[in-house]
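A short worksheet on the structure shown next.
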Amino acid sequence: MTQQPMLTISDTEQRMERSYDDDRRLRLLERIGVILSFTVLFIMLDEFVFDLQIFPTLPWFIRLVRLIPVILLYSVYMLTVVSARRKQVRLATLFFTLAVSLLSSLEIFRLTATQGLVPSYLVVLEGIIAIISLSGAAWALVSTAVFATIDTVFGFFLAPHAAGYSAFYSTAPETCAVALIFYWATTSLLLFQWRSYQLTMRDLHETRVQYFRSKQVEELKDQFITSINHELRNPVMTVIGYLDIIKHADEALPAPLQPLVDEAFAAGEKLQALVESILETRQLEQWAESLAPESVNVYESIVASASTLSRPGDALAARDLRVNVPHELQVWSETVRLRQVLTNLLANAMKYSPPGTAIDVWAVRCDDTDQRHLPAGPPLARPRVEIAVRDFGHGIPPEQMPILFQRFVRLPRDITSHVPGNGLGLYLCRTLVTAMGGTIWAESTGVEGEGTTFYVRLPIPPEG
């Protein structure tokens, strides 16, 4: 299996990835901070009302002193929210970790000062580890696990215990060890899960980068077509016009100059054909929106396409074109556009196979149970016709199939060869076939001599 090359991410794209992850963490920290700050505010009001009911004669300054820890906790949560809104990720994570740790410490202190520690505080510490994991910071998670370890050791061996739990605390070393193992196992699993999440997000970011890069490439291609239309077409036409005037001038050219002018004129015509084929991509995209399909005879279209390529001196004239198509077979398309597709496929078969080798063309009717390579959307109710064009050339490596029908794309081996091409023929075929409600694809093993088979599927004409 061929290993896919890793995508090289630029510094700007890496900053985009970090920015996306930071924004996610900031939104999460802000929302959790707001929820917990309101929770602490409710606790603070409840404590104040409780003091009024139980200790109605208690001085006000003592009431405020009793509320200082809760006020401090509320302040730290609000600092988390403010830091998150200011896009300060590390500071928001730090305040969030401090706030959650402070909340657990206050709860342990309250239990110690009133009834003594109960075993449920171990569940509180485990919950704190899980909450801190939402911050997405490994250092915060490990710090919280260390804090939970210290609190657990303090609770088992130094803090007073609640009445009725003597049996639970009688085996303090063993129970404490189990609790610590559970803490660190949970921390390890959360770190592993977070690492897996980071790898998944990195893969998604690379996919997003590839999408935006391809989108930018498509925009550059559109700009290239526009530039050709404005900057290159008129000068080419002017050069060809002047050369044509020179060729047909009343005064005969000197004998040494005649072949040079003919070669220049032929080169100008090739350049004009290249410019027109590039401009045709834009015209075809506009034409696809106003399709007027009709019933078209497949055999006649193949013969007409072959005739344009089999003139004396053309490569197809020396080929064995083997056609196996029922003469009555019809498809629902446009005559001119279907012939254009077939002409491109036949021309490709000639260009990318050795001279003198055969070219096979066949067409069969496929029933509606054959759902391969159907376009997106609900399946059509009527059958389709499958047209195939096969050559016996070099073939196409299977891993290069995905780029075959893209605009201005040629296979790496063809770029360095002497085979002419602009990377538009198959793109035009796909555009035309898709507009006619069909699909086009290629199959090849990439083995020399087995060649490539191009398939086109088009719907049959509607009944009546």
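Among the residues of the range 457-464, is there at least one that is modelled with pLDDT under 75 and either more than 23 Å from Val325 (Cα to Cα) or surrounded by 13 or more Cβ atoms within 10 Å (Cβ to Cβ) (or both)? Before you say what the answer is, go through the steps one by one.
Just the residues of the range 457-464 that are modelled with pLDDT under 75, to begin with: 464.
Next, only the ones that are either more than 23 Å from Val325 (Cα to Cα) or surrounded by 13 or more Cβ atoms within 10 Å (Cβ to Cβ) (or both) stay: 464.
Yes - at least one qualifying residue is present in the range 457-464.
So which helices (runs of 4 or more DSSP H) are wholly in the range 110-214 and hold at least 1 residues that are touching a Leu at 6+ places or on another chain (Cβ under 7 Å)?
Numbers: elements: 120-133, 138-157, 166-170.
Helices (runs of 4 or more DSSP H) meeting the threshold: 120-133, 138-157.
Is there any pair with a first residue in the range 233-246 that is on the phi > 0 side of the Ramachandran plot and a second that is aliphatic (A, V, I, L, M) and surrounded by 15 or more Cβ atoms within 10 Å (Cβ to Cβ) whose Cβ atoms are under 9 Å apart and which are 6 or more apart or on different chains, and what are they?
Once the first residue is on the phi > 0 side of the Ramachandran plot and sits in the range 233-246, no partner that is aliphatic (A, V, I, L, M) and surrounded by 15 or more Cβ atoms within 10 Å (Cβ to Cβ) comes close enough.
Specify the residue that is surrounded by the fewest Cβ atoms within 10 Å (Cβ to Cβ); the eligible residues are those in the range 125-147 that are of a type in the set (A, V, I, L, M) and without any contact (Cβ under 8 Å) to a residue 40 or more places away in the chain. Full working, then the answer.
The initial filter retains those residues of the range 125-147 that are of a type in the set (A, V, I, L, M), namely 125, 128-132, 134, 137-138, 140-142, 145-146.
This time we only want the ones that are without any contact (Cβ under 8 Å) to a residue 40 or more places away in the chain, so: 128, 132, 146.
Details: Ile128: 22, Ile132: 25, Val146: 13.
Within the range 125-147, the match that is surrounded by the fewest Cβ atoms within 10 Å (Cβ to Cβ) is Val146.
Quick test of your reading of the structure: Gly164 fulfils all but one of (1) farther than 20 Å from Ser101 by Cα; (2) touching a residue at least 40 places away in the same chain (Cβ under 8 Å); (3) of a type in the set (Gly, Ala, Ser). Name the failing condition by number.
Every listed condition holds for Gly164 apart from (2).
So that you can scan it fast, the table gives a plain yes or no per residue for (1) at pLDDT 90 or above; (2) in a loop (DSSP other than H, G, I, E, B); (3) closer than 26 Å to Phe224 by Cβ:
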| position | (1), (2), (3) |
| --- | --- |
| Asp414 | no, no, yes |
| Val419 | no, yes, yes |
| Gly423 | no, yes, yes |
| Thr434 | no, no, yes |
| Glu448 | no, yes, no |
| Tyr455 | yes, no, no |
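In the same structural domain as Tyr183 (by TED's automatic domain parsing), modelled with pLDDT of 75 or more, surrounded by 19 or more Cβ atoms within 10 Å (Cβ to Cβ) and assigned to a helix (DSSP H, G or I), is that true of Ser104?
On the way: in the same structural domain as Tyr183 (by TED's automatic domain parsing): yes; modelled with pLDDT of 75 or more: yes; surrounded by 19 or more Cβ atoms within 10 Å (Cβ to Cβ): yes; assigned to a helix (DSSP H, G or I): yes.
Yes: the conditions hold for Ser104.
Of the conditions (1) over 16 Å from Trp441 (Cα atoms); (2) surrounded by 13 or more Cβ atoms within 10 Å (Cβ to Cβ); (3) modelled with pLDDT under 90, Asp367 clears all except one; give me its number.
It fails just one condition, (2).
Across the range 61-79, what is the total count of residues that are modelled with pLDDT under 75, within 52 Å of the chain's Cα centre (by Cα) and not β-branched (Val, Ile, Thr)? Give the derivation first.
Taking the range 61-79 and keeping what is modelled with pLDDT under 75, we get 61-70.
Of the ones still in play, those that are also within 52 Å of the chain's Cα centre (by Cα) are 68-70.
Adding the requirement that they be not β-branched (Val, Ile, Thr) leaves 69.
Matching residues across the range 61-79 total 1.
Identify all residues within the range 107-141 that are modelled with pLDDT of 80 or more and of a type in the set (D, E, K, R); write none if there are none.
Glu126
Here are Ala177, Ala185, Ala167, Ala163: which of them is over 30 Å from Ile35 (Cα atoms), at pLDDT 80 or above and loosely packed, with under 14 Cβ neighbours inside 10 Å? So that I can check it myself, show each step before the final result.
On the way: Ala185 fails: over 30 Å from Ile35 (Cα atoms); Ala167 fails: at pLDDT 80 or above; Ala163 fails: at pLDDT 80 or above.
On inspection, the qualifying residue turns out to be Ala177.
Residue by residue, here is whether (1) acidic (Asp, Glu); (2) within 22 Å of Leu458 (Cα to Cα); (3) at pLDDT below 75 holds:
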position: Thr226; (1), (2), (3): no, no, yes
position: Thr238; (1), (2), (3): no, no, no
position: Asp244; (1), (2), (3): yes, no, no
position: Ala252; (1), (2), (3): no, no, yes
position: Ser277; (1), (2), (3): no, no, yes
position: Pro312; (1), (2), (3): no, no, yes
position: Ala317; (1), (2), (3): no, no, yes
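Exactly one condition in (1) modelled with pLDDT of 80 or more; (2) farther than 22 Å from His327 by Cα is false for Val361; which is it?
Of (1) modelled with pLDDT of 80 or more; (2) farther than 22 Å from His327 by Cα, only one is false for Val361: (2).
The values are calculated or read from the model by the stated rules, or taken from the named source; none is laboratory data. What you are looking at is a predicted structure, and each value in this text was computed from that prediction instead of being measured. No Cβ is skipped: glycine too gets one built from the backbone with ideal geometry, and neighbour counts run over all protein chains shown.
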